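Heads up: the structure comes next, in structure tokens.
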Amino acid sequence: QVQLVESGGGLVQPGGSLRLSCAASGSIFRILDMAWYRRAPGKQRELVAHITSGGRTNYATSVRGRFFISRDNAKNTVYLQMNSLKPEDTAVYYCNAGLPPDNYWGQGTQVTVSS
């Protein structure tokens, strides 16, 4: 069982930056693929960024070049650095951990981009 706790959300002006963190419990973090998803009001949940246990990354087209996912296996934590934020980035951001066939989710953290 893996528990995920996100932090770092909040209100930011357009063009600003935020860093989300997701702390994982347990001793298997280093073999988990990790990801950030988001759900905007009235929209379906979408994948934002993904990082494999080996460190390979993948991004949604809408955030590529602005968002950066990273992981610190010593701290059992995955990060999402979000730069040049836009109002359309407003959403609840969820941390996800995958180790097939199991899949784990955090409770979500709200990110609001508004002036």
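Things worth noting here:
- Put a plus charge on the Cβ of each Lys and Arg, a minus charge on the Cβ of each Asp and Glu, and nothing anywhere else: the dipole of the chain about its Cα centre is then about 180 debye.
- For Lys86, distant residues with modelled amide H under 5 Å away: Gly15
- Loop-located trypsin sites (Lys or Arg not before Pro) across the stretch 1-98 with a Cβ neighbour count of 11 or fewer within 10 Å are Lys43, Arg56, with loop assigned by DSSP.
- A 1.4 Å probe, protein heavy atoms only, puts the accessible area of Val5 near 90 Å².
- Accessible-area rank, largest first, for Ser27, Ser21, Ser62: Ser27, Ser62, Ser21, with all protein chains present and a 1.4 angstrom probe.
- Largest GNM mean-square fluctuation across Gly16, Gly98, Gly26, computed for the chain with C-alpha springs under 10 Å, falls on Gly26.
- Label-point separation, Arg45 to Ser70 (7 Å along Cα→Cβ), nm: 2.7
- Full-extension gain in nm, Ser84 to Val5, via 0.36 nm per residue minus C-alpha separation: 26.0 nm
- Taking Ala97, Ala60, Ala23 in turn, the Gaussian network model of the chain (Cα-Cα springs below 10 Å) assigns the largest fluctuation to Ala60.
- For the options Asp102, Asp33, Asp72, a Gaussian network treatment of the chain with springs between C-alpha atoms closer than 10 Å singles out Asp102 as fluctuating the most.
- Over the chain, relative contact order from alpha-carbon pairs under 8 Å, at least 6 apart, %: 37
- Sequentially through the stretch 26-40, phi angles give Karplus couplings (6.51, -1.76, 1.60; θ = phi - 60°) of x, 10, 10, 3, 5, 9, 8, 7, 10, 8, 10, 10, 9, 10, 8 Hz, Gly and Pro residues having no value and appearing as x.
- Charging the Cβ of each Asp and Glu at -1 and of each Lys and Arg at +1, and nothing else, the dipole of the stretch 47-93 about its Cα centre rounds to 140 debye.
- For the stretch 63-115, the carbon plus sulfur part of the accessible surface works out to 50%, probe radius 1.4 Å.
- Dipole of the chain, positive direction: furthest Cα of Val5, Phe67, Pro101, with charges on the beta-carbon: Phe67
The values are calculated or read from the model by the stated rules, or taken from the named source; none is laboratory data. Here the structure is a predicted model, which means the values were calculated and not measured. We place every Cβ from the backbone using ideal geometry, glycine too, and count neighbours over all the protein chains shown. Each accessible area value is taken on the protein alone, full model and side chains, heavy atoms only, with ligands, DNA and RNA left out. Shrake-Rupley method; radii C 1.70, N 1.55, O 1.52, S 1.80 Å.
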